Amino acid sequence: MKKLIAFLILMFASPIIFVACEPGIPSAPELNITQNQLVLSKVVAVGASFTAGFQSGGLVEDFQLNSFPHIIAQQIGKSDQFELPLIAAPGIGSTPGFGPLKFENGQIVAGDPFTDPAALLRNALLPRPYDNLGVPGADLNDMLNTADGSGGNPFFDLILRNPNFANTTQIEQAILLQPSLILLLLGGNDVLGAALSGTAIEGVTITPQADFDSRISQILDKLQSETRAQLVMANLPDITALPYVTVVDNFIYKAVPDLGIFDPVPVVFDANFQPVLFDPAIGLFLPLLTDETNVAHLLLPALSQYRTTGLGVPDSAAIVGMGLPPAQAQLLVLGMQAAGLIPSGNPFPGSLTLTEDEETIIRDATDGFNATILALAQSKGVAIADLIMSFNEIVTNPGIDGVTARFVLLDPSTTMFSLDGFHPNNAGQAVLAKVYIKAINGAFGLSIPEPNPADFTGQYAGTSTNKIALGVIEKATKLFIK
């Protein structure tokens, strides 16, 4: 049955020209100019949310048309042949029944409601798989084994549209299309949940290294043995450097020598993310309350609870417990209340913070995954799109390529990240497209023009920001916490 389905699909598909060379050829000198051009004849993308163009906690047509695979298709003049699972407005978000987050009057607000996600899929009757097969939330195991949304992720049903294609997986549908070039972004969701959930545990929120190695090797082997496609695969940047994790890092960390705290800790801060100096004469700051010690990062969803419920804000008893006298503690509480803070005395749970140890675990896992990606790329002749270098350059040199890695409330004009703090926005997708095109040009001796990320900025410009409006972020991330 699968062979019959594949035959019917290919009858309807656009004409395909195969590269007359063995799969996995690592460098351009082994290909002639004609073959180099033929590698672009049929492009397919495989991955997860970044590949799909998912932004701001959701997927909608405007975002998909700015996904990096579609930008690449535009740059090579094949956007009219590159089919997408276009989702009409208001789009489909991670929060059931609502579209992606919106930025209105400087505030991040919930998306618009919808009733039937299937009704929003515009080209549902395309008689073959889509060329952009990125499924938000998919990890390596899903790419190999998941064919529908029965596990709770509706994007599998919308993008794979089974049983129309004999209950095939994302990888199997890519093979049915018999592409000449496959863009791969693999493994992000095998570690991302550790950062989003504030819990880094191998086998729970991080895929064990052995499983990662086996699954990604299976994916590459299957694509190379069952197609004649050239492969371009990205490495994985440090997810602990995403705005979702780092949003207040440069603002709220202070040493508090008067309380015997000599290493910087997160302290009480105001609506502008500035530490509150309670006694200028002695430089007194008040540490935030956290269940975990050695907190390296306060995660983005923590900020709304801080403002609305006082989570993390010390009360009089907590201040006395820090070693200050009761009279002074009461004055400090009154001062915080006058400033609009709520001294709840309730600490941030571990799900809203990342400790130094958790950060190390995440970085070590990412390094291990990248070592496998590099080793497999070298052994199998797969070109590498170096996202690590590009992202590090933007983090350390804000403004390079006209973009920054800051959160939207701190930089609405040139940020490369969307409203959820970890998915790229239009400018970020242009950065990804530029990195992939650089890899394609280098591997195959081509001269595809690179997009200018600065041309994609300004998505949220033209409005002042309200730093308090963060309450909808937490709901918008739940799909990606495994």
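The values are calculated or read from the model by the stated rules, or taken from the named source; none is laboratory data. This is a predicted model, so every value here is computed, not measured. Methodologically, a virtual Cβ is constructed for each residue, glycine included, from the backbone with ideal geometry; neighbour enumeration extends over all protein chains shown. Protein only, heavy atoms only, side chains kept; ligands, DNA and RNA dropped before computing areas. Shrake-Rupley method; radii C 1.70, N 1.55, O 1.52, S 1.80 Å.
Details
- Here the 3J(HN,Hα) profile of region 60-68, calculated from phi with Karplus coefficients 6.51, -1.76 and 1.60 at θ = phi - 60°, is 8, 3, 4, 6, 5, 6, 10, 5, 4 Hz, Gly and Pro shown as x.
- Sequence of 438, 42, 380 when ordered by accessible area, the most exposed leading, probe 1.4 angstrom: 438, 380, 42
- When peptides 260-266, 385-391 are sorted by average Cβ neighbour count within 10 Å, with the highest value leading, the order is 385-391, 260-266.
- Anisotropy class of region 240-398 from Cα gyration tensor, a/c 1.5 cut: prolate
- Segment residue 389-residue 334, length gained on full extension (0.36 nm per residue, minus Cα span): 15.0 nm
- Amide H within-cut-off set for residue 254, under 5 Å, with H built and near neighbours excluded: 265, 267
- For 65, 331, 231, 144, the ranking by accessible surface with the largest value first comes to 331, 65, 144, 231, using a 1.4 Å probe.
- Expressed as a whole percent, the accessible area of the chain that falls on carbon and sulfur atoms is 55 (1.4 Å probe).
- Shape of region 77-229, Cα gyration tensor, a/c cut at 1.5: oblate
- In the full protein context, the chain carries 38 Å² of accessible surface per residue, based on a 1.4 Å probe and ignoring ligands, DNA and RNA.
- Listed values for region 95-107 are Karplus-derived 3J(HN,Hα) couplings in whole Hz (6.51 cos²θ - 1.76 cosθ + 1.60, θ = phi - 60°), namely 7, x, x, 10, x, x, 4, 10, 10, 10, 6, x, 10, and x replaces Gly and Pro.
- For region 293-362, the square roots of the Cα gyration tensor eigenvalues, ordered a ≥ b ≥ c, give a/c of at least 1.5 with a/b no greater than b/c, which places it in the oblate category.
- Once the Cα atoms are used to define both axes, helix 426-444 deviates from the longest principal axis of the chain by about 40 degrees.
- The calculated FRET efficiency for the pair residue 217 and residue 438, based on their C-beta separation and a Förster distance of 22 Å, comes to about 0.30.
- Averaging over all projection directions, the Cα-based convex hull of region 129-216 occupies 6.0 nm² in the image plane.
- Once you divide the Cα radius of gyration of the chain by 2.2 N^0.38 Å, the number left is 1.04.
- Residue 291 accessible area, 1.4 Å probe, all protein chains in place, Å² to nearest 10: 100 Å²
- Most simply put, the chain has about 55% antiparallel DSSP beta bridges, counting only bridges with both residues inside it.
- Binning all Cα-Cα separations of region 146-282 at 10 Å, short to long from zero, yields these whole-percent fractions: 9, 24, 27, 16, 11, 9, 3, 0.
- The residues packed around residue 73, meaning those with a beta-carbon under 9 Å from its beta-carbon, carry a net charge of -1 if Lys and Arg are +1 and Asp and Glu are -1.
- Over 31 Å apart at the Cα level, from the set 102/254; 222/438; 380/434, are 102/254.
- Note on residue 259 and residue 364: with the Förster distance fixed at 35 Å, the Cβ-Cβ geometry gives a FRET efficiency of about 0.60.
- Under 5 Å, built H, 5+ apart or other chain: amide partners of residue 290: 348
- Dividing the summed -39500 (n - 2.57) terms of all DSSP H runs of n ≥ 4 by the residue count of the chain sets its mean residue ellipticity at 222 nm at -10000 deg cm²/dmol.
- Long-range HN-HN contacts of residue 385 with modeled amide H, under 5 Å: 233, 234, 235
- The alpha carbon centroids of region 423-438 and region 271-324 are separated by 37 Å.
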